[in-house]
Amino acid sequence: MKSKLSELSFNIIMRMVSGKRYFGEEVDDPEESKRVLKIVRDIFDASGASNPGDFLPFLRWVDYKSYKKRTIRLHKNSDRFMQSLIDEHQNTRNSSVKEQELRR
């Protein structure tokens, strides 16, 4: 039940943001859906975990449990996904503007 509710809420959020379904059975692009699901899971894992280096500064020097490395990778992946949403939106917007110009 919990997974179905989280899928529903994520689908509602993503449909408002991008106009596409990313969770559940009826997705537009299964590969992109898997990528988004991994990003969301990684974000939740990172947000629930505290960095031990915040409490013991000497652990920052050795990047204990690769916290910094994982955070940087997560940032790059989420940034790449958000940029793809922006590019897709701009492409659809530009194509609709060109269609309107051709109709005139």
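The values are calculated or read from the model by the stated rules, or taken from the named source; none is laboratory data. Please read all numbers here as calculations on a predicted model, not as lab measurements. Heads up, the Cβs are rebuilt from the backbone with ideal geometry, glycines too, and the neighbour counts pull from every protein chain shown.
A single entry from Val27, Val40 fulfils the requirement of being among the β-branched types (Val, Ile, Thr) and over 19 Å from Asp79 (Cα atoms): Val27. Of all the residues in the stretch 42-65, those that are under 30 Å from Ser3 (Cα atoms), modelled with pLDDT under 85 and not acidic (Asp, Glu) number 9. Look at the stretch 1-22 and say how many of its residues are exposed (fewer than 12 other Cβ atoms within 10 Å of the Cβ), part of a helix (DSSP H, G or I) and of a type in the set (A, V, I, L, M, F, W, C). Residues meeting the conditions: 2.
If you go through the stretch 43-65 and pick out every residue that is of a type in the set (Gly, Ala, Ser) and farther than 19 Å from Ser78 by Cα, you end up with 2.
Among the residues of the stretch 49-99, those identified as within 15 Å of Ile39 (Cα to Cα) and either aliphatic (A, V, I, L, M) or in contact with a strand residue (DSSP E or B) (Cβ under 9 Å, 6 or more places away or on another chain) (or both) are Ile72, Leu74, Met82, Leu85.
Taking the stretch 54-81 as the range and being of a type in the set (D, E, K, R) and either assigned to a helix (DSSP H, G or I) or within 20 Å of Ser18 (Cα to Cα) (or both) as the test, the residues that pass are Asp54, Arg60, Lys65, Lys68, Lys69, Arg70, Arg73, Lys76, Asp79, Arg80. Listed by first and then second residue, the pairs linking a residue in the stretch 23-38 that is without any contact (Cβ under 8 Å) to a residue 40 or more places away in the chain and surrounded by 13 or more Cβ atoms within 10 Å (Cβ to Cβ) to a residue that is β-branched (Val, Ile, Thr) and not in a helix (DSSP H, G or I), with Cβ atoms under 9 Å apart and 6 or more places separating them unless they lie on different chains, are Ser33/Val27.
When you look at Phe55, is it surrounded by 10 or more Cβ atoms within 10 Å (Cβ to Cβ) and aromatic (Phe, Trp, Tyr), yes or no? Against the criterion (surrounded by 10 or more Cβ atoms within 10 Å (Cβ to Cβ) and aromatic (Phe, Trp, Tyr)), Phe55 does not qualify.
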